[in-house]
Amino acid sequence: MSKGYRSICLIALAAGGVVIADAAARGAAAQNCSVMRKINVGVSVAPPNVVHTSPHVAKELGFFAKRCIEPNIIQFEGGASATASAAAAQGSAIVSVSDVAIGRGMKVQQFWGLAPRMPQAYMVSPDVKTAADLKGKKLSATGGGVGGFNWRMGREILRTAGLTVDDAHFISAATAGRLPGLLTGQIDGVALHPEDVYLAKKQKPALNVLVQLADLMPDYMFNAYGASLEWIARDRALLRDTAAAMIEANRAMFRDKAKVVPIIEKATDKPREAVEYAVDELTKNCIWSINTGFDPARTQWSIDNSAENGDIEKDRKPTVEQVANIQLAKEAVEAAGGPVTIGNCKD
């Protein structure tokens, strides 16, 4: 090899070191796997919001492959949609599951908290200044319609002004229509993720952020992956290792923004500046988990809130242990190298 050619190679290796290292890790992992374990990993929105992209990051950075896992990432139209609920109950995919679903008899259990805190802001049309101004307005019910996330958040905000869901008009639509609906005036209020808040203000500065949902309901458990009870009993190791891969992905979001942003940009189909803004917001506010993502007190508050609102019959309230398999989440953390703290984030 000539000295000149060798120099070019060294320069190329230095420039692409991270990519080569990642590819080598994935290749080595695959070579050490006699069988790749397959799993369907659901995300709650099509296309996913930034907060939901942990599976994409885990896949692209080789965190699944090194555990001999071959994920198939499936997009759903809301975590409470009929298709997502069916996938969870039938054991065909891991998806976001809630205390409400469990309280209503679905035989599933959360096993890792992807994002304990809510990342969304409730954005409203320019003429809405307070919650009382939502009376008679058109509010979003994307992500499952009545009983879905946006409907429940709208209900909570109306309640702060002494209003009920009957005092507003809830509009069901595909999750992808949340931002366009607000921009075009088809709806007057909707819970938007940080990247869409950024885009909304950029395109229509007169829109208002009425409240940050994490400030409205600081103890609400936002998003946890769950699986059927039968699946947990049958293949605990696969679920543990799948969660461990995504734990590593979440930690990478905090530690290496430059590496994860291109992956998230591709997965979400959102502009880079919006993705960068969202990553900053999610990491600064400890939205993504870096460990189990569970706090028994948070889970208990969410159960009690659901019962108080009538989403779960009070005499059928599940226990924290029925909702969250915290021990399995702890096993996943150990498989990811043990608990860590990043800045002020510990969940």
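The values are calculated or read from the model by the stated rules, or taken from the named source; none is laboratory data. Small disclaimer: the values here were computed from a predicted structure and weren't measured. Virtual Cβ from ideal backbone geometry, glycine too; neighbours counted across all protein chains shown. Surface accessibility is based on the protein's heavy atoms, side chains included, excluding ligands, DNA and RNA. Shrake-Rupley method; radii C 1.70, N 1.55, O 1.52, S 1.80 Å.
Below are the figures for this structure:
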quantity	calculated
Scan of the stretch 119-131 for residues that are hydrophobic (A, V, I, L, M, F, W, C) and open to solvent by 10 Å² or more (accessible area, probe 1.4 Å), ordered by number	Ala131
Output for the stretch 255-273, where each listed residue is surrounded by fewer than 22 Cβ atoms within 10 Å (Cβ to Cβ) and in contact with a Leu (Cβ under 8 Å, 6 or more places away or on another chain)	Lys259, Ile263, Pro271
Any chance Glu321 is surrounded by fewer than 19 Cβ atoms within 10 Å (Cβ to Cβ) and in contact with a Phe, Trp or Tyr (Cβ under 9 Å, 6 or more places away or on another chain)	no
Residues of the stretch 114-151 that turn out to be assigned to a loop (DSSP other than H, G, I, E, B) and more than 30 Å from Ile94 (Cβ to Cβ), as a count	9
Qualifying residue in the stretch 104-116 (condition: surrounded by 22 or more Cβ atoms within 10 Å (Cβ to Cβ), within 22 Å of the chain's Cα centre (by Cα) and more than 22 Å from Ile287 (Cβ to Cβ))	yes
Residue match in the stretch 195-203 (condition: surrounded by fewer than 18 Cβ atoms within 10 Å (Cβ to Cβ) and under 21 Å from the mean Cα position of the chain (by Cα))	no
Any chance Ala297 is in contact (Cβ under 8 Å) with a residue 60 or more places away in the chain and under 22 Å from Asp215 (Cβ atoms)	yes
Of residues in the stretch 132-156 being more than 21 Å from the chain's Cα centre (by Cα) and surrounded by 22 or more Cβ atoms within 10 Å (Cβ to Cβ), the one farthest from Cys286 (Cα to Cα)	Leu134
Which listed residue is more than 30 Å from Asn344 (Cβ to Cβ) and either out of contact with any Lys or Arg (no Cβ under 6 Å at 6 or more places or on another chain) or in contact (Cβ under 8 Å) with a residue 12 or more places away in the chain (or both), from Ala132, Ala115	Ala132
Residue match in the stretch 31-52 (condition: assigned to a helix (DSSP H, G or I), loosely packed, with under 15 Cβ neighbours inside 10 Å and either among the aliphatic types (A, V, I, L, M) or modelled with pLDDT under 95 (or both))	yes
Set Ala176, Ala214, Ala227: member being assigned to a strand (DSSP E or B) and either touching a Ser or Thr at 6+ places or on another chain (Cβ under 9 Å) or in contact (Cβ under 8 Å) with a residue 24 or more places away in the chain (or both)	Ala227
Matching option when the condition is of a type in the set (Gly, Ala, Ser), modelled with pLDDT of 90 or more and surrounded by fewer than 20 Cβ atoms within 10 Å (Cβ to Cβ), among Ala174, Ala191, Ala206	Ala206
Subset of the stretch 89-103 [part of a strand (DSSP E or B) and either open to solvent by 10 Å² or more (accessible area, probe 1.4 Å) or acidic (Asp, Glu) (or both)]	Ser96
Every residue from the stretch 293-321 that is in contact with a helix residue (DSSP H, G or I) (Cβ under 7 Å, 6 or more places away or on another chain), within 10 Å of Gly103 (Cα to Cα) and not small (Gly, Ala, Ser)	Ile303, Asp311, Ile312, Lys314, Arg316, Lys317, Pro318
Odd one out for Ala80 among (1) modelled with pLDDT under 95; (2) open to solvent by less than 50 Å² (accessible area, probe 1.4 Å); (3) within 26 Å of Ala329 (Cβ to Cβ)	(2)
Members of the stretch 53-68 that are assigned to a helix (DSSP H, G or I) and closer than 24 Å to Pro194 by Cα	Ser54, Pro55, His56, Val57, Ala58, Lys59, Glu60
